1. Quick check: is even one residue across segment D:9-26 farther than 15 Å from residue D:90 by Cβ, over 15 Å from the mean Cα position of the chain (by Cα) and surrounded by fewer than 24 Cβ atoms within 10 Å (Cβ to Cβ)?
2. Where residues in segment B:48-65 are free of Cβ contacts under 8 Å to residues at least 60 places away in the same chain and assigned to a strand (DSSP E or B), which of them is farthest from the chain's Cα centre (by Cα)?
3. Conditions: (1) touching a strand residue (DSSP E or B) at 6+ places or on another chain (Cβ under 8 Å); (2) surrounded by 24 or more Cβ atoms within 10 Å (Cβ to Cβ); (3) at negative phi. Residue C:125 meets all but one. Number of the miss?
4. Where residues in segment B:141-160 are of a type outside the set (D, E, K, R) and closer than 18 Å to residue B:8 by Cα, which of them is surrounded by the most Cβ atoms within 10 Å (Cβ to Cβ)?
5. Can you say whether residue D:35 is farther than 17 Å from residue D:141 by Cβ and within 12 Å of the chain's Cα centre (by Cα), as far as the supplied structure shows?
6. How many residues does segment B:102-118 hold that are more than 12 Å from the chain's Cα centre (by Cα) and outside any helix (DSSP H, G or I)?
7. Residues in segment C:71-100 that are of a type in the set (Val, Ile, Thr) and within 11 Å of chain A (Cβ to nearest Cβ): how many?
8. Please enumerate the residues belonging to segment D:24-47 that are part of a helix (DSSP H, G or I) and among the hydroxyl-bearing types (Ser, Thr, Tyr).
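The values are calculated or read from the model by the stated rules, or taken from the named source; none is laboratory data. All values reported here derive from a predicted model rather than from experimental measurement. Neighbour counts run over all protein chains shown; Cβ positions are idealised from the backbone, glycine included.
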Protein chains: 4
Amino acid sequence: MPKILIVCHSKSGNTAAMAEAVATGVKNAGVEVILKKVQETNVDDFLGPEGIIIGSPTYFAATTAEIKRLIDDSIKHYKNLEGKVGAAFASAGGIGGGGETAILDILRAFLVHGMIVPGFVTGGHYGPLSIGAPDDERKQVCMEFGSKVAEIVKKLHPAG
Amino acid sequence: MPKILIVCHSKSGNTAAMAEAVATGVKNAGVEVILKKVQETNVDDFLGPEGIIIGSPTYFAATTAEIKRLIDDSIKHYKNLEGKVGAAFASAGGIGGGGETAILDILRAFLVHGMIVPGFVTGGHYGPLSIGAPDDERKQVCMEFGSKVAEIVKKLHPAG
Amino acid sequence: MPKILIVCHSKSGNTAAMAEAVATGVKNAGVEVILKKVQETNVDDFLGPEGIIIGSPTYFAATTAEIKRLIDDSIKHYKNLEGKVGAAFASAGGIGGGGETAILDILRAFLVHGMIVPGFVTGGHYGPLSIGAPDDERKQVCMEFGSKVAEIVKKLHPAG
Amino acid sequence: MPKILIVCHSKSGNTAAMAEAVATGVKNAGVEVILKKVQETNVDDFLGPEGIIIGSPTYFAATTAEIKRLIDDSIKHYKNLEGKVGAAFASAGGIGGGGETAILDILRAFLVHGMIVPGFVTGGHYGPLSIGAPDDERKQVCMEFGSKVAEIVKKLHPAG
């Protein structure tokens, strides 16, 4: 059975609430979830799962330095993550507050790893974005996103 | 007296409504405004004003092809726009719908022209973004943005 | 047998030379290639193939308006390209001349289409970039890129 | 007399060599330079100078986590850096290796601070990029970039 690691950095709880909804969506699609806070995540955790989803609050229109630290450390496994599926989501303080570019920061890191990055025709093209705390509509978007990523992981890595 | 050209592409009217509010803000700060639709804009219009503001709806998380056409044609005046002030705004269909990257597309073109691009501590870091039609709060954001850009133009080009 | 459409815009011939090398790489990996100039490309051409690769020269640190026009027109088939593989390459006039952001422009459009975008651990993370005319090393990079994209298309769409 | 702070992160020495050339250019234009390594930089150093230039090696097509840490910490002085001039440069491991997006990462942070970001018609539109160690041509580009930024700082902040 394939697995997806969700790494989440949350200071206000908004990104964590999105992560929970994403995790539910992944599970609903029949894929195992490992949900970790960035502080508890070791880059070795990237090796096992077939998909990696990272969620970040938006700091200076980008991911937090903590997420960037994890990404830099993942150089340890460079070329070993190739072909895994990568996706991202973010919370931001306002409309036009840089949340889209924060998501793209993470996707760009996945591309450097030679990973496979899907886009989305509904609910945020690059991945889900919530302005402040996610309401029910945003949680639904996160859930559908999780399911969608899981379906792609199953297609690309059916045996896990 | 310095002048600012506002070029706007609007299919639904949302970006045009934003452009009107931006124009009001520019005028309130004592700077002359020339407001044009992209269809009526010739790249020669870029030469006179000390500031250029471009507004676009979001198509495929980017500006419209019409805006890109205008930008490409502006190669005619390459190096002659250096030092002018450039700013941008966009409307988009949804949160995470690519509006931020549409704004950045325009700012990047201004940077290639050697123009001066200011950021904003309120109301959208890269420039104003409206999800759908701008409500009163978004119009206020657009107005303050117009005034802010006008103040920078006055500082950099006091004599016009 | 799966197919890949390569659409290329070339004014100086540099991007066309890259496209030829990419096409060779795709064929070497056993995937059929349709190579078209942007002027000859109709968005209906996007429907058949399982992978779409777009190459552009760099105009204002972005794709050309012609490529953006094609992308905007592809709205006709919105949601029908979901799951196809998308990749991009570019030529640029100089180092730091905006070629990377031109490639990313195309990848962002593919993400909006819900397409699957792979990254690369060798030869340009977002896709191949040539400064001026591609030399033998750059052609090799393009060829390997074409093969890599073809392998991903075969994995995702084995039956074509 | 106006001042420019240059903050540089260098692991291989390539970015430091660029920083030296940028510093020379700033001095040649008659502006005082403070050149610091990221490890020695405190965000309070951002308050005094009228211009801030940040240089980074490219890690995962972005700045290093150390540079992002400094940027995140600069929230301490949010709204107090408004109107200062910001510019950036980077070294990268290869053509298409993410150096342009690393430079843009820094510029985006400056925009969030409400700073003024100039573009460049020669030598790298977003700022100088060196593939590996800067050769004499790249050092010249860095020097001209430093002088250009200094001229803009003098124009915007003549009294320092």
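1. no
2. Filtering segment B:48-65 down to residues free of Cβ contacts under 8 Å to residues at least 60 places away in the same chain leaves B:48-49, B:54-65.
Filter once more, keeping what is assigned to a strand (DSSP E or B): B:54-57, B:59, B:62.
Working: B:54: 3, B:55: 5, B:56: 8, B:57: 12, B:59: 16, B:62: 14 Å.
The residue in question is B:59.
3. For residue C:125, the exception is condition (1).
4. Filtering segment B:141-160 down to residues of a type outside the set (D, E, K, R) leaves B:141-143, B:145-147, B:149-150, B:152-153, B:156-160.
Restricting the remaining residues to those that are closer than 18 Å to residue B:8 by Cα gives B:141-143, B:145-147, B:149-150.
Numbers: B:141: 28, B:142: 28, B:143: 23, B:145: 26, B:146: 31, B:147: 18, B:149: 28, B:150: 28.
My answer is B:146.
5. Values: farther than 17 Å from residue D:141 by Cβ: yes; within 12 Å of the chain's Cα centre (by Cα): yes.
So residue D:35 passes the test.
6. At the first step, the residues of segment B:102-118 found to be more than 12 Å from the chain's Cα centre (by Cα) are B:108, B:111-116.
Of the ones still in play, those that are also outside any helix (DSSP H, G or I) are B:113-116.
Adding up the residues that qualify gives 4.
7. Applying the first criterion (of a type in the set (Val, Ile, Thr)) to segment C:71-100 yields C:71, C:75, C:85, C:95.
If we keep only those that are within 11 Å of chain A (Cβ to nearest Cβ) as well, we get C:85.
Residues in segment C:71-100 being of a type in the set (Val, Ile, Thr) and within 11 Å of chain A (Cβ to nearest Cβ): 1 in total.
8. Let us first name the residues in segment D:24-47 that are part of a helix (DSSP H, G or I), namely D:24-28, D:38-40, D:43-46.
Once the filter is applied, which keeps residues that are part of a helix (DSSP H, G or I) and among the hydroxyl-bearing types (Ser, Thr, Tyr), segment D:24-47 yields only D:24.
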